[in-house]
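For reference, the structure discussed in these notes is given below.
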Amino acid sequence: MRGQRIEQWFRARSWQIEPKMGILLASFGIILLVCNLALMLQNQQLKRDLALRTEAIRLKPGDTLPPLRGLDPSGRQLTIRYDDPSRETILFVFSPGCRWCELNMANWRVLLEALDERHYRFVFVSVDPRGVQQYLHEHGVNMSDFTVIAEPDPRDRVNYKFSIVPQTIAVGTGGVVRAVWLGALQGEQRQSVERYFSIRFSAREGG
């Protein structure tokens, strides 16, 4: 019935599409289709390029790191070595002006409370030395309880690929990277952290 009504409508109409206009409309439709396909392919290429660039500026499990050098908030030189086989080192990499770092502090506090310091050493690393003490104090981190590097050695900024914040990096004996989580810990990242450390975040943490 619907097909008959459509056919009757076409017969009853008082206008028609000129052949030239029909060809023009068909050509326009083909052009739109080609443009959409080109945009889709370009978008896929951009995603691949972004993934490759991200891989190039991030650490990967299995990478080996040198000792981490830098200055603490008071200007004292520190060197973090990975020579204790009984303790894994967890690096919390942040910047005081980073919004995502702000959101991630709640996740890091959960790790500080849940993990046994006999098996884990926690090191806060700021990529910006300005306001580090105040920032950590405001987020409930007692600097006397943890190692804080407020200004990493420029060479180690490169070695550790600190261009992305926040980062959570697990480093084992000999400086071997065991796990890396980029960005605020949420979604799949958070689940990965839970599996790695055998902990559970509450629904409130991690945004």
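The values are calculated or read from the model by the stated rules, or taken from the named source; none is laboratory data. Fair warning: this is a prediction, and the values are worked out from it, not measured in the lab. All Cβ positions, glycine included, derive from the backbone under ideal geometry; neighbour counts span all protein chains shown.
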Inside segment 42-64, can you point out the residues that are modelled with pLDDT of 90 or more and within 20 Å of the chain's Cα centre (by Cα)?
59, 60, 61, 62, 63
Please go through (1) over 22 Å from residue 71 (Cα atoms); (2) assigned to a helix (DSSP H, G or I) for residue 108 and return the number of the only condition it doesn't satisfy.
(1)
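Residue-by-condition table, conditions (1) more than 21 Å from the chain's Cα centre (by Cα); (2) assigned by TED's automatic domain parsing to the domain that holds residue 76; (3) under 24 Å from residue 77 (Cβ atoms); (4) modelled with pLDDT under 95:
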residue	(1), (2), (3), (4)
93	no, yes, yes, no
117	yes, yes, yes, yes
126	no, yes, yes, no
133	yes, yes, yes, yes
192	no, yes, no, no
205	no, no, no, yes
Please verify whether segment 72-95 includes one or more residues that are surrounded by fewer than 16 Cβ atoms within 10 Å (Cβ to Cβ), out of contact with any Phe, Trp or Tyr (no Cβ under 8 Å at 6 or more places or on another chain), of a type outside the set (S, T, N, Q) and not in a loop (DSSP other than H, G, I, E, B).
no
Tell me the residue from 180, 148 that is within 17 Å of residue 130 (Cα to Cα), in a strand (DSSP E or B) and touching a strand residue (DSSP E or B) at 6+ places or on another chain (Cβ under 7 Å), please.
148
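On the basis of being crowded, with 19+ Cβ neighbours inside 10 Å and out of contact with any Cys (no Cβ under 8 Å at 6 or more places or on another chain), does residue 193 make the cut?
yes
Kindly evaluate residue 164 against the criterion of being assigned to a loop (DSSP other than H, G, I, E, B), of a type in the set (Val, Ile, Thr) and in contact with a helix residue (DSSP H, G or I) (Cβ under 7 Å, 6 or more places away or on another chain).
Details: assigned to a loop (DSSP other than H, G, I, E, B): yes; of a type in the set (Val, Ile, Thr): yes; in contact with a helix residue (DSSP H, G or I) (Cβ under 7 Å, 6 or more places away or on another chain): no.
The answer is no for residue 164.
For (1) touching a Gly at 6+ places or on another chain (Cβ under 8 Å); (2) surrounded by 14 or more Cβ atoms within 10 Å (Cβ to Cβ); (3) farther than 12 Å from residue 93 by Cβ; (4) of a type in the set (A, V, I, L, M, F, W, C), each residue gets a yes or a no:
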residue: 143; (1), (2), (3), (4): no, yes, yes, yes
residue: 153; (1), (2), (3), (4): yes, yes, yes, no
residue: 161; (1), (2), (3), (4): no, yes, no, no
residue: 171; (1), (2), (3), (4): no, yes, no, yes
residue: 176; (1), (2), (3), (4): yes, yes, yes, yes
residue: 198; (1), (2), (3), (4): no, no, yes, no
